[in-house]
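Written out below as structure tokens is the structure these notes cover.
Taken together, the values in this text are just the output of simple stated rules run on the coordinates, not laboratory data. Source: prediction; values computed, not measured. Because the Cβ atoms are built from the backbone with ideal geometry, glycine has one as well, and the counts that use them run over all protein chains shown.
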Amino acid sequence: MYHTSERIIKNKVGLLNLAEELGNISKACKVMGFSRETFYRYQRAVDEGGVNSLIEKSRKQPNVKNRVDEVIEAAVREIAIENPAFGQLRASNELRKRGIFVSPSGIRSIWLRLSLATMKQRLRALEKKSAEEGIVLTESQIMALEKKKDGNYSHPSNENIFLKTLDTYF
């Protein structure tokens, strides 16, 4: 008899226990609504790693073939920290000037992976880098950090856009 307090795997353990109790795997599978193949997979998992091995593990593996080179990723990280106010398109164009070709959506996916997707995250990374390495900030970096402190770096609210739209019609 197997025991567990994990709510996630109680059905799986229940199937194994029922099969042991009945002495008939086919009947236990029919009662519980599982296939025999599933039963044997569960039993093999328990034999190899115990009851805790029945917990679902993510099978999703990163597709490394689709990733960009480390050099390109480092360049994207560098431009995000150098110019935190740049969007994806502008960062892509700046990298093109340097001879590195990455699409704006490619830059976005790299930023998401590196936790640099928002301007706030890029400014936080800039502050961290300047604190660690003691780099001298450029004028645009200082302006971006000052805007962050003032809270003026975000887009206007929908209410302001609505009011501006009303003003144009009336």
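Listed values, structure above:
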{"item": "Quarter of Cα convex hull surface for region 7-54, i.e. mean projection, nm²", "result": "3.0"}
{"item": "Debye, to nearest 20: dipole size of region 64-148, +1 on Lys, Arg Cβ, -1 on Asp, Glu Cβ", "result": "400"}
{"item": "Selected from Leu137, Ala74, Leu116, residue furthest toward positive end of dipole (region 64-148; charges at beta carbon)", "result": "Leu116"}
{"item": "Integer Hz, Karplus 6.51/-1.76/1.60 couplings in order for region 86-97, x for Gly and Pro", "result": "5, x, 5, 5, 5, 5, 5, 5, 5, 5, 4, 4"}
